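The values are calculated or read from the model by the stated rules, or taken from the named source; none is laboratory data. Because the structure is predicted, anything quoted here is derived from the model rather than measured. Reconstructed Cβ throughout: ideal geometry from the backbone, glycine too, with neighbour counts over all protein chains shown.
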Amino acid sequence: MSDTPVNVTVTGAAGQIGYALLFRIASGQLLGADTKVKLRLLEIPQAVRAAEGTALELQDGAFPLLAGVDVFDDPKAAFSGANVALLVGARPRTKGMERGDLLEANGGIFKPQGEAINSGAADDIRVLVVGNPANTNALIAQRNAPDVPAERFTAMTRLDHNRAVAQLSAKLGVPVSEISKVTIWGNHSATQYPDLIHAEVAGKNAAETVGDQQWIADEFIPRVAKRGAEIIEVRGASSAASAASAAIDHVYDWVNGTPEGDWTSAAIVSDGSYGVPAGLISSFPVVSRNGRWEIVQGLEIDDFSRSRIDASVAELAEERTAVERLGLI
Ligand code: NAD
Ligand code: LMR
């Protein structure tokens, strides 16, 4: 075990996801059982007291891997020396707000946070954006951090990926451990494309095993893509513990590598693969090798998949244009 702790900055630390996330990080599930962590919690001034309360509870957990907790209301201080940054705090859409208003309000958060990461984070910084609209918030942060390699900025579609695996498992009555090579393409929004065409169940093609294209098109895809809304409807609040769990999965795999013979989904900066315009932060099938995400290459994309991927990527391009017009990137 290394004695030098890894600095993990978490924004929105007093929120729902923050509460579900911090104790799992402290217990070693984010980076591994041999890695000490120091938590740096960022909140807005009105929520700092609540974050301090959570810091007291973290202390009470007596976690052997937790080397300390600090609470900040200034992004520059919070990201100083950060090795991993989980950008969870965001401005939720409220009544009467248009999508453009939401992008502008979040620009006010993710632009200064990108700048703070650029000026003060550690050289090996890895960023995961969870706060919605996650892909475009990640783009804003990335474009405001020109000195940090673009590949270090990612947005979360792992929750969508996990939801897709779970739905397929329930449909076929097989354990999730038998399912591999599921892909989420595009935006973390209702336009995302959960793709089973290359997925496998116990080594056999998943789409063929399901044998019902109508179920895939009319039930599976919308169920996964709209699961966030379903959770809000049933639970009365947006997903929190499952989102925190997906954030843990994303960073753990990024740092420690994905299992051989499988891939996962993450929104990363496009290099133009699969016709996704370079520079957009879009979800792809990815593996992690030597601490870097790599897009799985060479998958055949049929017409059905092509139109679904294009629709979600078009939405990402529109969001990029909107934040360009707002002067955020
Ligand atoms: P929440 O409202 O409970 O918590 C958000 C916290 O962020 C609040 O404590 C707030 O004070 C804080 N915050 C706001 N602006 C901040 C800033 N500038 N700096 C630091 N902190 C700030 O919300 P939640 O349920 O924890 O969800 C957080 C975000 O995650 C939302 O945008 C939600 O839509 C999103 N989300 C994403 C996914 C995904 O799969 N990508 C899944 C679920 C939720
Ligand atoms: C989710 O996928 O659960 C969330 O992104 C939904 C939301 O709008 O907060």
Out of curiosity, is SER282 among the hydroxyl-bearing types (Ser, Thr, Tyr), in a strand (DSSP E or B) and free of Cβ contacts under 8 Å to residues at least 60 places away in the same chain? no
Any chance the stretch 179-198 includes a residue that's of a type in the set (S, T, N, Q) and outside any loop (DSSP other than H, G, I, E, B)? yes
It is to be established whether one or more residues within the stretch 177-189 are out of contact with any helix residue (DSSP H, G or I) (no Cβ under 7 Å at 6 or more places or on another chain) and small (Gly, Ala, Ser). yes
If you check VAL174 against the conditions, is it away from ligand 2 (no atom under 16 Å from the Cβ), out of contact with any Cys (no Cβ under 9 Å at 6 or more places or on another chain) and among the hydrophobic types (A, V, I, L, M, F, W, C)? yes
What do you reckon, is GLU230 under 20 Å from SER180 (Cα atoms) and free of Cβ contacts under 8 Å to residues at least 60 places away in the same chain? no
Filtering the stretch 288-316 for residues that are small (Gly, Ala, Ser), surrounded by 15 or more Cβ atoms within 10 Å (Cβ to Cβ) and within 28 Å of GLY108 (Cβ to Cβ) leaves a count of 1
From the residues in the stretch 250-266 that are of a type in the set (Gly, Ala, Ser) and in contact with a helix residue (DSSP H, G or I) (Cβ under 8 Å, 6 or more places away or on another chain), which one is surrounded by the fewest Cβ atoms within 10 Å (Cβ to Cβ)? SER265
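A quick yes/no check of all residues on (1) surrounded by 16 or more Cβ atoms within 10 Å (Cβ to Cβ); (2) more than 25 Å from GLU315 (Cβ to Cβ):
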position: PRO194; (1), (2): yes, no
position: ALA199; (1), (2): yes, no
position: VAL210; (1), (2): yes, yes
position: GLU219; (1), (2): no, no
position: ALA225; (1), (2): yes, no
position: ASP271; (1), (2): no, no
position: VAL286; (1), (2): yes, no
Just checking, how many residues over the stretch 19-45 are over 23 Å from ASN256 (Cβ atoms) and of a type outside the set (Phe, Trp, Tyr)? 5
May I ask you to list the residues in the stretch 229-274 that are within 14 Å of the chain's Cα centre (by Cα), in a helix (DSSP H, G or I) and not aliphatic (A, V, I, L, M)? SER242, SER245, ASP249, HIS250, TYR252, ASP253, TRP254
Counting only residues in the stretch 137-161 that are aliphatic (A, V, I, L, M) and assigned to a loop (DSSP other than H, G, I, E, B), the one surrounded by the most Cβ atoms within 10 Å (Cβ to Cβ) is identified as MET156
Of all residues in the stretch 107-136, how many are in a helix (DSSP H, G or I), surrounded by fewer than 24 Cβ atoms within 10 Å (Cβ to Cβ) and within 16 Å of ligand 2 (Cβ to nearest atom)? 1
Kindly indicate whether ILE309 is within 27 Å of ALA90 (Cβ to Cβ), of a type in the set (Val, Ile, Thr) and at pLDDT 95 or above. yes
I'd like the full set of residues that are surrounded by 15 or more Cβ atoms within 10 Å (Cβ to Cβ) and not in a helix (DSSP H, G or I), limited to the stretch 44-69. PHE63, LEU65, LEU66, ALA67, VAL69
Among the residues that make up the stretch 91-103, is at least one of them buried (at least 24 other Cβ atoms within 10 Å of the Cβ), near ligand 1 (Cβ under 9 Å from one of its atoms) and of a type outside the set (Lys, Arg)? no
